[in-house]
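See below for the structure under consideration.
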Amino acid sequence: MSRDAFDSETFRRAAQKAVDRLIGYLDDIERRPVLSALAPGGLRAALPSAAPEDPEPIETAIDEVFDRIAPGLTHWNHPGFFAYFASSASAPGILGEMMAAAFNANAMLWRTAPAATELEIVTLDWLRQAIGLPEPRFGVIQDTASTSTLVALAAARGTVTEWDTRRFGLAGGPRLRLYTSQEAHSSVEKAAIVLGIGQEGVVRIPVDDEFRMRPDALAEAIDKDLSGGSRPFAVVASVGTTSTTSIDPVPAIAAIAERHHLWLHVDAAYAGSAAIEPSLRFLMNGVDRADSLVVNPHKWMFVPVDLSVLYTRRPEAVRSALSLVPDYLQTPEQAGAPNLMDYGVALGRRFRALKLWLVLKAFGRRGIADRIREHVRLASLFRSWVEADPRFEVCAPQPLSVVCFRLRQGTDEQNQALIDAVNATGEVYLSHTRLHNRLVLRLAIGSLRTEERHVRRAWELLSA
């Protein structure tokens, strides 16, 4: 009997079946409803309450995945997925995930996965060059932007010289203050909670008419806290806010952070990928002055979830904040070879670099840039349809591939009813946000499989 669940020949047949069904799933995905009709608890009730006592045929289990489980998913790969920020898995990225699972490398130490560690360093330098980020920048892969921001702010907290937060925590230390926009992602506030800064330690800075952080309000807030005895330590700017994809004035924010010796972290989780297109390189203006930057290739670079990249020009601060190496993890190479576990919260690290490397190899910089440029064009086209219809209004600038709009005379309830009706068709999926305390619809284009006809169909459903 094979030590594995099945022998090599069984594995080969099962793998071929799984790949065939995966390809069929992707080929047919447009015919599936984006949103599942599954009711809460529906799948759980349909499955056995305990694992089987004896082996079952793997072919049967594979069929069950596609026939019973997949219909209960929201299909992020669907070309009509216009909610949040699309995350579509490309074929090269899927292959990378498969091979990474087979290798099962844990890239915590250089010794435990030398090639995985060095491929990560090489691949992130390729990405750095592609988006126009200057040298030197140390890159390390995290799972999501939430973790990247948490790691960056842990490093920022560690730079507070008046108190050893690593050793003593925050009890007895200064009252720390972190500054970010009213439009910043919730992960900034969550990081503050985890790091002991607390929600009261997060100062939300007002925005201008284009939903960008106001540097004058930031400077005023810092001065006020200094006068009141608090200790400012970090600023988080956004390049592509979650609601509207607005771009904070990073150069002006950087000047204020530098004046007060504050850590500047830039959240470019969505928009950072777009800088790979030369006409959108302006997104990186001022980012060279940031202490850290997060970019998510799993959002707009067709890499399967999850893969977030944290860049920093102060890797020693990140390592100082988070490195903890017990005896059993010390190796002879650690003086000259990086142990990437030192630059994050997790000890275990998946071989995520492989899927990003394959995507960059298979598409090339130009291939990714062409698709991003097309998405921005499609968003501009959709915006033009909204502007031409007197029943609707555009509610925010559209610097990239997200359009915020609503019924001009409609109440929040009427706008919600519209989005619910459109989503109920199963053809498209849109999300919403709130701007100026009004419910606003968002159409976000970013799927690898989205074409103009899908965007046009979304508008037909909305404007019918």
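The values are calculated or read from the model by the stated rules, or taken from the named source; none is laboratory data. Remember, predicted model here, so these are calculated numbers, not experimental data. Because the Cβ atoms are built from the backbone with ideal geometry, glycine has one as well, and the counts that use them run over all protein chains shown.
Remarks
- Qualifying positions in region 104-145 - out of contact with any helix residue (DSSP H, G or I) (no Cβ under 7 Å at 6 or more places or on another chain), among the hydrophobic types (A, V, I, L, M, F, W, C) and more than 19 Å from LYS299 (Cα to Cα): ALA113, ALA115, ILE121, VAL122
- Of the criteria (1) in contact with an Asp or Glu (Cβ under 9 Å, 6 or more places away or on another chain); (2) farther than 30 Å from LEU448 by Cβ; (3) assigned to a loop (DSSP other than H, G, I, E, B), which one PHE211 fails: (2)
- Qualifying residue in region 155-176 (condition: modelled with pLDDT of 95 or more and closer than 18 Å to ARG434 by Cβ): no
- Residue among ALA105, ALA50, ALA70, ALA86 that is small (Gly, Ala, Ser) and assigned to a helix (DSSP H, G or I): ALA70
- Yes/no for ALA269 being in contact with a strand residue (DSSP E or B) (Cβ under 6 Å, 6 or more places away or on another chain) and either surrounded by fewer than 24 Cβ atoms within 10 Å (Cβ to Cβ) or not in a loop (DSSP other than H, G, I, E, B) (or both): no
- The residues in region 188-208 that are touching a residue at least 24 places away in the same chain (Cβ under 8 Å) and either at negative phi or not in a loop (DSSP other than H, G, I, E, B) (or both) can be counted, and the count is 14.
- Residue count for region 203-228, restricted to those that are within 14 Å of SER181 (Cβ to Cβ), among the aliphatic types (A, V, I, L, M) and surrounded by fewer than 16 Cβ atoms within 10 Å (Cβ to Cβ): 0
- Cross-chain or 6+ apart pairs with Cβ under 7 Å, region 280-295 first and touching a residue at least 12 places away in the same chain (Cβ under 8 Å), then of a type in the set (Ser, Thr, Tyr): ASP291/THR312; SER292/TYR311; SER292/THR312; LEU293/TYR311; VAL294/SER148; VAL294/THR149; VAL294/SER308; VAL295/SER273
- Selected residue (only one of ILE141, ILE131 is over 20 Å from VAL188 (Cα atoms) and under 20 Å from the mean Cα position of the chain (by Cα)): ILE131
- Failed item in (1) among the aliphatic types (A, V, I, L, M); (2) touching a strand residue (DSSP E or B) at 6+ places or on another chain (Cβ under 9 Å); (3) surrounded by fewer than 24 Cβ atoms within 10 Å (Cβ to Cβ), with VAL250 passing the rest: (3)
- Residue pairs meeting the criteria (Cβ under 9 Å; at least 6 apart or on separate chains; first free of Cβ contacts under 8 Å to residues at least 24 places away in the same chain, in region 81-104; second surrounded by fewer than 20 Cβ atoms within 10 Å (Cβ to Cβ)): MET98/ALA15; MET98/VAL19
- Residue list for region 351-367, filter: basic (Lys, Arg) and buried (at least 21 other Cβ atoms within 10 Å of the Cβ): ARG352, LYS355
- Count - residues of region 390-417 that are farther than 21 Å from LEU378 by Cβ and without any contact (Cβ under 8 Å) to a residue 60 or more places away in the chain: 12
- Every residue from region 10-61 that is among the polar types (S, T, N, Q) and within 29 Å of ALA91 (Cβ to Cβ): THR10, GLN16, SER36, THR60
- Checking each residue in region 309-340 for being closer than 15 Å to ALA107 by Cβ and not hydrophobic (A, V, I, L, M, F, W, C) picks out THR331, GLU333, GLN334, PRO338, ASN339.
- Out of LEU324, LEU407, LEU354, sole residue that is aliphatic (A, V, I, L, M), out of contact with any Pro (no Cβ under 9 Å at 6 or more places or on another chain) and under 26 Å from GLU135 (Cβ atoms): LEU354
Okay, residues lined up against (1) more than 28 Å from ARG177 (Cβ to Cβ); (2) assigned by TED's automatic domain parsing to the domain that holds PRO215; (3) more than 23 Å from the chain's Cα centre (by Cα):
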| site | (1), (2), (3) |
| --- | --- |
| ALA255 | no, yes, yes |
| VAL266 | no, yes, no |
| ASN296 | no, yes, no |
| PHE302 | yes, yes, no |
| TYR311 | no, yes, no |
| GLN330 | yes, yes, yes |
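- Checked against the criterion of being surrounded by 17 or more Cβ atoms within 10 Å (Cβ to Cβ), in contact with a His (Cβ under 7 Å, 6 or more places away or on another chain), of a type outside the set (Lys, Arg) and closer than 29 Å to SER273 by Cβ, region 229-236 contains one or more residues that satisfy it.
- Residues satisfying the criterion are absent from region 427-448 (criterion: among the hydrophobic types (A, V, I, L, M, F, W, C), closer than 19 Å to ALA464 by Cβ and loosely packed, with under 13 Cβ neighbours inside 10 Å).
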